[in-house]
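Since every read-out is calculated from the coordinates, none of them should be taken as a lab result. It should be emphasised that the depicted structure is a prediction, and the values quoted were computed from it without experimental measurement. Glycine also receives a Cβ, built like all others from the backbone with ideal geometry; neighbour counts cover every protein chain displayed.
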Amino acid sequence: MRICRFNDNRLGLVEGEQVRDVTAALNVLPSYRYPLPQFDPLVAHLPEVMHQIALLAPTAQALPLSQITLLSPIANPGKIVAAPVNYINHLNEAREQAEIHHNNRVAAIQEVGLFLKANSALVGPSAGVELKHPNRRNDHEAELVVVIGKAGRDIPRSRALEYVAGYAVGLDMTTRGPEERSLRKSIDSYAVMGPWLVTADEVPDPSNIAFRLTVNGEPRQQANTCDLIIDVPGLIAFASSFYTLHPGDLLFTGTPEGVGPVVPGDQIDCSFDGIGAITVKVRAAVETEMRDKL
Ligand code: MN
């Protein structure tokens, strides 16, 4: 299934060029009282939701995909885990280009490990990316996003794919500079995810997905997840050897070579075979009163 969240928090089933409004499927979710769970309720109950979607879809209202606003398909991830320098050619370009490494030593992923992006950075493709520091270099990073489906710690590599709910297209937007990754990559709107969740049953092998990214139609990144240094099962095993993964946790798997800057007015297009395509517009952030006070 291809499940999207759209317009005013509607739930959609994507079928070709149309989307069925199956929002009523969310009625199977339990209601929670404070404190809220540390997982995404929809993903935690995905089998029941999918069952309801299948029942509702034949008679659900259909809308053209071209006319809806796409939100991040996962609304409440407990955490956003991300893999740095996870393609060998990107490791090489990062080591060669001062504008990327900023005199930080670029270590291999086995050494540097994983990092976290703030949940508040997460947006869907229709929201666009808002450059907070447009005078600095802001790069696109096309990445396969894995959505964790069930809780697990110390998940063995051999069973890792059992813990996947599905996949999506992601942009790990990045302000270049000397600060920690988690700061530079956590700006509002710097974690783009979409266009929908493709459930794991439709993606037999996450280690063989071709993808590409263009800016204003100009090719920038083109690669295949078969070139990941640590593949999807390996990343799940690695992450869960440090912390428990929960339903709805997101895993940005790393970007290949070809990262480059975007500026206000640019349009990013990114597509992953068998998953989908996102179009993301780039704008400058409006200066805020708070910023003036800093
Ligand atoms: Mn990245």
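Per-residue Karplus couplings for region 84-90, computed as 6.51 cos²θ - 1.76 cosθ + 1.60 with θ equal to phi - 60°, are listed in order as x, 5, 10, 10, 4, 5, 6 Hz, Gly and Pro entered as x. Rg over Rh for the chain works out to 0.96, using Cα positions for both radii and the Kirkwood form for Rh. Couplings 3J(HN,Hα) of region 187-194, computed from phi: 4, 3, 6, 8, 10, 9, 9, x Hz, in residue order, whole Hz [Karplus 6.51 cos²θ - 1.76 cosθ + 1.60, θ = phi - 60°; x for Gly and Pro].
Looking at the chain, send over the antiparallel percent of its DSSP beta bridges, to the nearest 5. Walk me through the intermediate numbers first.
Working: 57 of 65 bridges.
If I count the DSSP bridges inside the chain, around 90 percent turn out antiparallel.
Under a model in which nothing but the beta-carbon of Lys, Arg (+1) and Asp, Glu (-1) is charged, the chain shows a dipole of about 620 debye around its Cα centre.
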